[in-house]
Amino acid sequence: MCYTSNRTYGLAGELTGKKSVACVIDTNLTITITYVYIFICSTFQIDFWNPETITQVKPEMRVDFRVEADKSSDVESLLEQSGVEYEILIDNLKTVLDAQFDSNVRATGHNYEKYNNWETIAAWTADIAAQNANLVSRTEIGTTFQGRPIYLLKVGKSGSNKKAIFMDCGFHAREWISPAFCQWFVKEAVSTYGSDTLMTRLLNNLDFYILPVLNIDGYVYTWTNYRMWRKTRSTNSGSSCIGTDPNRNFNAGWCSAGASKRPCDDTYCGSAPESEKETKALADFIRKNLSTIKAYLTIHSYSQMLLFPYSYTYSVPENYAELNTISTAAVQELASLYGTKYTFGSGASTIYLAAGGSDDWAYDQGIKYSFTFELRDTGRYGFALPESQIKPTCEETLKAVKYIANYVLDHL
Ligand code: ARG
Ligand code: ZN
């Protein structure tokens, strides 16, 4: 049932003053019903939340999308006429977005249990390195389209010939819980080194490269203009539409499936692989450090999934069985804290074919432990996850990440 919401979007930007509906459709899809979505999609402006585009809708799939409030009754009657079961998940998105921030009185300064804006995160990267010089150092791996420095933190006890785990956050601008997790991870590393046995072992024997926000321009835009922005903010020649989907922009079956060639779409693959300064900077860094990087982790939201290659093909990777075994244990670790259930599997078979992702690219570079996390939740709040969930989400995710890192360390 799709639920229609009657809300005025309170942020500045494209949605200002328009009513919006967040709508989740839970349905037994048949192919006919897919046509309903296509019809709705071509008739109304739809913001797909999960999957990201109409092309990724498959039979039996649950689909989350947002429509503007003044369109919601039309969309609902269309769904009803077509026999699609639907549910209104968020009746008033503005209320939920306001509630993301548990308090309207925002203290300035960095806080691990709040969503921090880019300025605050940037200052935090300098501070955490300065205050923990024995464990953390900061470098810049490039600049964004709009010229912001892309910071990378190296976390680990100094040592010789150490192998490393690379983890990035903030590919997709609206997935705010992702950067929150990278910050949380670094905090946990510096505050539990020496007391937590596993963390101590990991940091003594491995380095973690943590990229707190890759798509900084997009992240800034979600704070200042439009909360639901996903892509980068680069211009596209021949189009007035902005941005490329960074997770469709890697050279891994680039733009062959589950990606769009149209600059206006949310899954636009870009003009070429690594056309974006951000993805190019990331890929350059990984290529340069291929001999040390043994695992690649990329943090997204939402849907509570642990995905591994491939997503650009239904073929399975050579160590598929091993990746499955690791995932089984990792999601079990994750669930041990609060019972949060994750599904897992190869990207293509678990969600959809989607080429050009960084996980598949890293894997094909030879990094055999490559995972995409899709953090909380499963759609109740979606991208508008309340701040009260930052702590539990990060705690449980940390369990899984530590498990994977320890496995990698045991199998160097
Ligand atoms: N929701 C993520 C995305 O669409 C899933 C990424 C899975 N990996 C992939 N290579 N498609 O970007
Ligand atoms: Zn994402």
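The values are calculated or read from the model by the stated rules, or taken from the named source; none is laboratory data. Small disclaimer: the values here were computed from a predicted structure and weren't measured. Cβ: placed from backbone, ideal geometry, glycine included. Neighbour counts: every protein chain shown.
Some points to look at:
- Top-ranked residue of the stretch 147-181 - restricted to ones that are more than 18 Å from the chain's Cα centre (by Cα) and polar (S, T, N, Q), ranked as farthest from ligand 2 (Cβ to nearest atom): Ser160
- Of all residues in the stretch 260-295 being within 28 Å of Val401 (Cα to Cα) and within 15 Å of ligand 2 (Cβ to nearest atom), the one that is surrounded by the fewest Cβ atoms within 10 Å (Cβ to Cβ): Thr267
- Where Ala252 falls short, out of the listed (1) within 19 Å of the chain's Cα centre (by Cα); (2) surrounded by fewer than 20 Cβ atoms within 10 Å (Cβ to Cβ): (2)
- Leading residue by the ranking (surrounded by the fewest Cβ atoms within 10 Å (Cβ to Cβ)) among those in the stretch 324-372 that are β-branched (Val, Ile, Thr) and within 18 Å of the chain's Cα centre (by Cα): Thr343
- Out of Asn225, Asn236, one residue alone is modelled with pLDDT under 95 and either over 15 Å from the mean Cα position of the chain (by Cα) or at positive phi (or both). It is Asn225.
- Residue among Arg287, Arg227, Arg262 that alone is in contact with a Cys (Cβ under 9 Å, 6 or more places away or on another chain), more than 16 Å from ligand 1 (Cβ to nearest atom) and among the basic types (Lys, Arg): Arg262
- Cβ pairs under 6 Å, 6+ apart, first in the stretch 246-257 and over 15 Å from Glu52 (Cα atoms), second aromatic (Phe, Trp, Tyr) and in a loop (DSSP other than H, G, I, E, B): Ala252/Tyr312; Gly253/Tyr312
- Taking the conditions (1) at pLDDT 95 or above; (2) among the hydroxyl-bearing types (Ser, Thr, Tyr); (3) out of contact with any Gly (no Cβ under 9 Å at 6 or more places or on another chain) in turn, Ser327 satisfies each one other than (3).
- Residue in the stretch 53-67 that is surrounded by 15 or more Cβ atoms within 10 Å (Cβ to Cβ), assigned to a helix (DSSP H, G or I) and touching a residue at least 40 places away in the same chain (Cβ under 8 Å) present: yes
- Restricting attention to the stretch 369-392, the residues being of a type in the set (S, T, N, Q) and assigned to a loop (DSSP other than H, G, I, E, B) number 1.
- Criterion: within 19 Å of Ala123 (Cβ to Cβ), out of contact with any Phe, Trp or Tyr (no Cβ under 6 Å at 6 or more places or on another chain) and within 16 Å of ligand 1 (Cβ to nearest atom) - qualifying residue of Phe171, Phe181: Phe181
- Applying the criterion of being buried (at least 19 other Cβ atoms within 10 Å of the Cβ) and closer than 11 Å to Arg262 by Cα to the residues of the stretch 234-244, the residue that is farthest from ligand 1 (Cβ to nearest atom) is Ile242.
- Qualifying residues in the stretch 204-229 (those that are β-branched (Val, Ile, Thr) and part of a helix (DSSP H, G or I)) - the one nearest to Leu97 (Cα to Cα): Thr222
- Here Glu119 clears all of (1) free of Cβ contacts under 8 Å to residues at least 40 places away in the same chain; (2) outside any helix (DSSP H, G or I) except the condition numbered (2).
- Selection status of Leu198, more than 16 Å from ligand 1 (Cβ to nearest atom), crowded, with 24+ Cβ neighbours inside 10 Å and closer than 30 Å to Gln389 by Cα: no
- Residue in the stretch 308-317 that is farther than 18 Å from Trp254 by Cα, within 16 Å of ligand 1 (Cβ to nearest atom) and buried (at least 23 other Cβ atoms within 10 Å of the Cβ) present: no
- You will find that of Gly356, Gly366, the residue that is part of a loop (DSSP other than H, G, I, E, B), closer than 19 Å to Leu297 by Cα and away from ligand 1 (no atom under 14 Å from the Cβ) is Gly366 and no other.
- Flag for Ala321 being away from ligand 2 (no atom under 15 Å from the Cβ), closer than 20 Å to Leu375 by Cβ and surrounded by fewer than 18 Cβ atoms within 10 Å (Cβ to Cβ): no
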